[in-house]
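Here's the structure we're looking at; comments come further down.
The values are calculated or read from the model by the stated rules, or taken from the named source; none is laboratory data. The shown structure was predicted, so the numbers you read here are calculated from the model rather than taken from an experiment. Here Cβ is always computed from backbone atoms with ideal geometry, including for glycine, and neighbour counts include all displayed protein chains. All accessible areas refer to the heavy atoms of the entire protein, side chains included, with ligands and DNA or RNA removed. Shrake-Rupley method; radii C 1.70, N 1.55, O 1.52, S 1.80 Å.
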Amino acid sequence: MDFVFEFRYRLSGDDDNQDDIVGRLEKEDCTDALVGIGRPGRIALEFCREADNAFDAMTSALADVKRAIPTAQLIEVRPDLVGLTDIAEFAEVSRQNMHKLACNNAETFPVPVHTGSTTLWHLDDVLRWMMPRGTYPIEPGTLEVASIAKQLNFAIQARQIEPELFRQVQALLA
């Protein structure tokens, strides 16, 4: 099965030659990735990787990128945080329909992780809520990719927690 996901990286100052980076990615079997280098010091890789499951697809891609660009720092995995328009696209419904679905089911619809001018949810949470409630034509593997993307983003964020605070919070949550 093919799994579609995106990795966003911060590049080190040593990795400023775009052609060299693309060449190294190609040598490390990242030919299934669309490479985006729009912002200086950043790179986005949209993979369409064949594997038995999303975990294998995503971890093999991470390993390939690590070999190609060892100093690059993973900063985000997608799809994870999404707005109503994104959710509507995954479910193949209109944004208005998605808004109505969320409002009419406010007690059970997943709680957003960010509210403000843009409201964001974890795609994994919303898909898990939607799947038993209708016949939405969600692509096979999308839930699996969203779940792993969410977990990888949690791991990225966990790296930023101060060790002492982490120990104290861990003790409180035990």
Based on the alpha-carbon set only, what is the convex hull volume of the stretch 1-77 divided per residue, in Å³?
73
Could you give the accessible area per residue of the stretch 43-174, probe 1.4 Å, as a whole number in Å²?
59
Let me see the P(r) profile for the stretch 85-129: every Cα-Cα distance counted, bins of 10 Å, each bin given as a percent of all pairs.
27, 66, 7
Taking the Cα centre of each part, how many Å lie between the stretch 41-102 and the stretch 114-129?
15
Test item: Cα-centred dipole of the chain, Lys/Arg +1 and Asp/Glu -1 on Cβ, debye:
640
Check: the stretch 11-82 dipole with +1 on Lys, Arg Cβ and -1 on Asp, Glu Cβ, in debye
200
Among 145-154, 123-132, what's the highest-first ranking by average C-beta atoms within 10 angstrom per residue?
145-154, 123-132
In whole percent, how big is the carbon plus sulfur part of the accessible area of the chain, probe 1.4 Å, protein atoms only?
51
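How big is the Kirkwood radius of the chain, worked out from every pair of different alpha carbons and given in Å to one decimal? Provide the component values of the computation, followed by the final result.
Values: mean 1/r = 0.0560 Å⁻¹.
By the Kirkwood definition, the hydrodynamic radius is 17.9 Å.
If r is the Cβ-Cβ distance from Asp19 to Asp52 and R0 is 41 Å, what FRET efficiency results, to the nearest 0.05? All intermediate terms of the calculation are to be shown ahead of the outcome.
Working: r = 34 Å, r/R0 = 0.82.
It comes out at approximately 0.75.
First check a/c for the stretch 34-111, with a ≥ b ≥ c the square roots of the eigenvalues of its C-alpha gyration tensor; if it is under 1.5, answer rounded, and if not, answer prolate when a/b is larger than b/c or oblate otherwise.
Values: a/c = 2.77, a/b = 2.11, b/c = 1.32.
It comes out prolate by the Cα gyration axes.
Defining a contact as two alpha carbons under 8 Å apart and six or more residues distant in sequence, what relative contact order in percent does the stretch 70-137 show?
Working: 56 pairs, mean separation 23.7, N = 68.
Here the relative contact order equals 35 percent.
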